[in-house]
Amino acid sequence: MKKSYIYFALPLATLVIFFFAFYMGAHRDFKDRADAKVKAVQDAKEAKLKKEAQDREVAVKSAVELQEKRRKEKKERDARDAMAKEEREKARQAREKAGRDSQKFKETVGRLKKEIEVEKKQIAEVQIERKRVTEEQAFLRDYVKKAETNQRSLMGVIERIEAADKAAEAAARAAAAAAAAATKK
């Protein structure tokens, strides 16, 4: 054999030995390792997907609970807002009613003040009239007393005049009877 075949045969033999000894064993292990890596990656992906699914499920539950909570809070807020709105409306109506009542009472007070002024004037007029009537009554009482006194004195004068007339008539009859008796004699 020639030495040139050694250069060719030796690497070829080494290659064959390497192929069967190392490469085939490594290739079998490589395929198992590659399958294991693929399986590990798939398991990791599945675990990740399961975890994501669980996280999603938890997130969905959380979102649903949060949504329910928000709905409940919104209902409560709407109820509070409605009550507050109703209370504001009642307060506004009460304020308007108070304003109307206040205006009505102001008008009533003004009208009553005017009526009081009119009544005061009427009372003053009545008091003046009463004073005048009282003075007139006092005057009339005095006048009646004076008139009664005058009447009594006039009655006395009339009685004296009548007595004097009767006495003068009796004296005239007596004088006529005396003159008739004197003419008869």
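The table below gives the values:
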{"read-out": "Size of electric dipole in region 75-185: Cβ of Lys, Arg +1 and of Asp, Glu -1, about Cα centre, debye, nearest 20", "value": "180 debye"}
{"read-out": "Simple Cβ-charge dipole of the chain, Lys/Arg +1 and Asp/Glu -1, about Cα centre, in debye nearest 20", "value": "920 debye"}
{"read-out": "Choice from Ala21, Ala91, Ala124 showing the highest fluctuation, given a GNM over the chain with Cα pairs closer than 10 Å", "value": "Ala21"}
{"read-out": "Positive-end residue, the chain charge dipole about Cα centroid, Cβ charges, pick of Pro11, Ala164, Thr134", "value": "Pro11"}
{"read-out": "Net charge of neighbours whose Cβ lies under 14 Å from the Cβ of Gly99, counting Lys and Arg as +1 and Asp and Glu as -1", "value": "+3"}
{"read-out": "Unit charges on C-beta of K, R, D, E only; dipole of region 2-100, Debye", "value": "440 debye"}
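Each value in this text was obtained by applying a stated rule to the coordinates, not by laboratory testing. Source: prediction; values computed, not measured. Note: ideal-geometry Cβ built from the backbone for every residue, glycine included; neighbour counts use all protein chains shown.
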